[in-house]
């Protein structure tokens, strides 16, 4: 019998816990699956499975052989994929996990990519927790900040700028901070998943500053933070991709423009054990190309996101804006 087919049958029996379920998965008869496993046991001279009328379990030797079979079958599949990709175009579904904030960045880029490769579709799942990529079946995740799992491979995509801002209503009520030190007297909204939740860092004309901030709202939701800032609750330090349109439209006002905040590295992460398919590899290359171009453009942009420069002043409880 064909060894690869026999290994595949054995792996399916272990994965599904029965010969009948493995047979259904492989579109073979249960008798044929049994024959493949028996052929392996005869060739190896060992028992791979314990069989009873109620269940099938793996022997100690079978468990070790199962792990080797998984590795061999994966390498065979990758070899076949690599050969077929030499003369093919990307196709299939890419499952991507991303934070809510980064979804605003990646969604329009997915649209651009699909316009180039129409045979590729996407499942975009947004969570602010780092998922188990293998267990939950994701091809890759897009994240900022340090990686919680050292077994993941990370590829740098670009930089995520953060912007300090507040609503006109809040500034009219509480005043305009002129220096990072002034933030100690403001109601600062903090993001619970950040390693620098209560410590905001700035670099400006007079050097570096680390400010301890506090406020009456802590949240693990970027959208919740944005909604609170728009409602006039307080000052927030948020990714530019999340609040850029609000700053341009005047719904939020950028604060301390002469002080640069910490930039987060945007990374694509995927399991070290997984060979990237053509669809995933081309999508990553596309993201790097687009985000590096945006990063270079932002470095030379005189005004944040091409917004018109505005002077903001608070007098007698009212907010005035006008061209600088």
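Every number here is computed from the coordinates shown, using simple stated rules; none is lab data. What you are looking at is a predicted structure, and each value in this text was computed from that prediction instead of being measured. Note: ideal-geometry Cβ built from the backbone for every residue, glycine included; neighbour counts use all protein chains shown.
How much length is gained if the chain between residue 192 and residue 95 is pulled fully straight, taking 0.36 nm per residue apart and subtracting their Cα-Cα distance, in nm to one decimal? Using 0.36 nm per residue and subtracting the Cα-Cα distance, I get 32.3 nm. This ranking places 279, 24, 42 by how few other beta-carbon atoms lie within 10 Å of each, fewest first, which gives 42, 24, 279. Each label point is 7 Å from the Cα along the Cα-to-Cβ direction; what then is the distance between the points at residue 31 and residue 74, in nm? Using points 7 Å along Cα→Cβ, the separation is 3.6 nm. In a solvent-free Debye calculation with one equal scatterer on each Cα, what is log10 I(q)/I(0) for region 33-76 at q = 0.21, 0.26 Å⁻¹, listed in the order of the q values? For region 33-76 at q = 0.21, 0.26 Å⁻¹, log10 I(q)/I(0) is -0.75, -1.03. Modelled spin labels at residue 44 and residue 251, positioned 7 Å past Cα toward Cβ, are 6.0 nm from each other. What is the spin-label model distance, in nm, from residue 285 to residue 5 if the labels are put 7 Å beyond Cα along the C-beta direction? Inter-label distance under the simple model: 3.7 nm. Exposure proxy ranking for 174, 29, based on other Cβ atoms within 10 angstrom of each Cβ and starting from the fewest, stands as 29, 174.
Shape of region 197-250 from its Cα gyration tensor (a ≥ b ≥ c, root eigenvalues): rounded if a/c is under 1.5, otherwise prolate when a/b > b/c, or oblate? Oblate shape, in that a/c is at least 1.5 and b/c is the bigger or equal ratio. Once the Cβ-Cβ distance between residue 109 and residue 15 is put in as r, and R0 is 30 Å, what FRET efficiency do you end up with, to the nearest 0.05? Rounded to the nearest 0.05, the efficiency is 0.25. For region 239-277 and region 108-184, compute the distance between their C-alpha centroids and round to whole Å. Rounded to whole Å, the Cα centres lie 6 Å apart.
Both radii are taken from the alpha-carbon atoms of region 3-85; with Rh as the Kirkwood radius, Rg/Rh is 0.99. Computed from the C-beta positions of residue 88 and residue 199 and an R0 of 30 Å, the FRET efficiency is 0.05 to the nearest 0.05. With a ≥ b ≥ c the root eigenvalues of the C-alpha gyration tensor of region 87-168, is it rounded (a/c under 1.5), prolate (a/b larger than b/c) or oblate? Cα axes put region 87-168 in the oblate bin. Among 33, 292, sorting on how many other beta-carbon atoms sit within 10 Å of each Cβ, with the fewest leading, yields 292, 33. The slack in the chain from residue 227 to residue 173, taken as 0.36 nm per residue of separation less the alpha-carbon distance, amounts to 17.6 nm.
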